[in-house]
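Reading through the structure tokens given below for one structure.
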Amino acid sequence: MEVRDTTEAFLESVRDTYMSSRVNGSADYLQGECRLLSMLSFEPDRKKQPGELAKTLGVSTARIASILRTLEKKNYITRETSAEDKRKVYVEITDEGRQYLESKRTKVCGFFDMIFSGLETEERDEFIRLIRKLSETSGKADMKE
């Protein structure tokens, strides 16, 4: 199979999986609010600024501001203005935010448990090996840009 054929087959498969009703509720774990909450939970002892979040997530500061407003209304995050510099705002995930993220993660894990149960152990191991290799290749491509 040529590289372009592999790409097309991959995109078709991802699209079909994404559009599947079984994915309902799982896909948003890797985007939007959950993606931002995940980032905040990676380093819980370190407050982050909205600009840093936007840069890391690859979205506009306007999009981050919108997500933060929504998350704050839901009590999933807090925003705190710096005492030293009133222009600086720091964002932290709350316990409610962690609980919400964990409930989403549990649902996503259940979905993927179901999917991976259709594969043999060797197939799952090979899948993970290939995904890690693709991730590594993707990281190298990011560095070239």
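Each reported figure results from applying straightforward, stated rules to the coordinates on display, with no laboratory input. Because the structure is predicted, anything quoted here is derived from the model rather than measured. Here the Cβ is made from the backbone with ideal geometry for all residues, glycine too, and neighbour counts use every protein chain on show.
Once the Cα atoms are used to define both axes, helix 121-144 deviates from the longest principal axis of the chain by about 50 degrees. Take every Cα pair under 8 Å whose residues are at least 6 apart in sequence, average their separation, divide by the length of the range 7-144, and the relative contact order is 23 percent.
Taking amide H as placed 1.01 Å from N in the peptide plane, the amide H of K48 sits under 5 Å from that of V91, each at least 5 places away or on another chain. Put in order of Cβ neighbour count within 10 Å, fewest first, the listed residues K86, K74, K48 become K86, K74, K48.
On full extension, the segment bounded by T70 and D5 gains 19.3 nm, given 0.36 nm per residue less the C-alpha separation. The phi-based Karplus calculation (6.51 cos²θ - 1.76 cosθ + 1.60; θ = phi - 60°) puts the 3J(HN,Hα) values of the range 40-53 at 5, 7, 4, 10, x, 8, 10, 6, 10, 9, x, x, 5, 4 Hz, whole numbers, x for Gly and Pro. Amide H contacts for I77 (H built 1.01 Å from N in the peptide plane; partners 5 or more residues away or on another chain; cut-off under 5 Å): E72, T94. Principal axis extents of the C-alpha atoms in the range 51-103 (largest first, rounded to whole Å): 35, 27, 17. Compute the angle between helix 61-73 and the longest alpha-carbon principal axis of the chain, please, reported from 0 to 90 degrees and rounded to the nearest 10. Helix 61-73 and the main axis of the chain meet at about 80 degrees. Its Cα gyration tensor gives the chain an equivalent ellipsoid; the semi-axes, largest first and in whole Å, are 33, 20, 14.
Count Lys and Arg as plus one, Asp and Glu as minus one, and take only other residues whose Cβ is under 10 Å from that of I67; the net charge is then +1.
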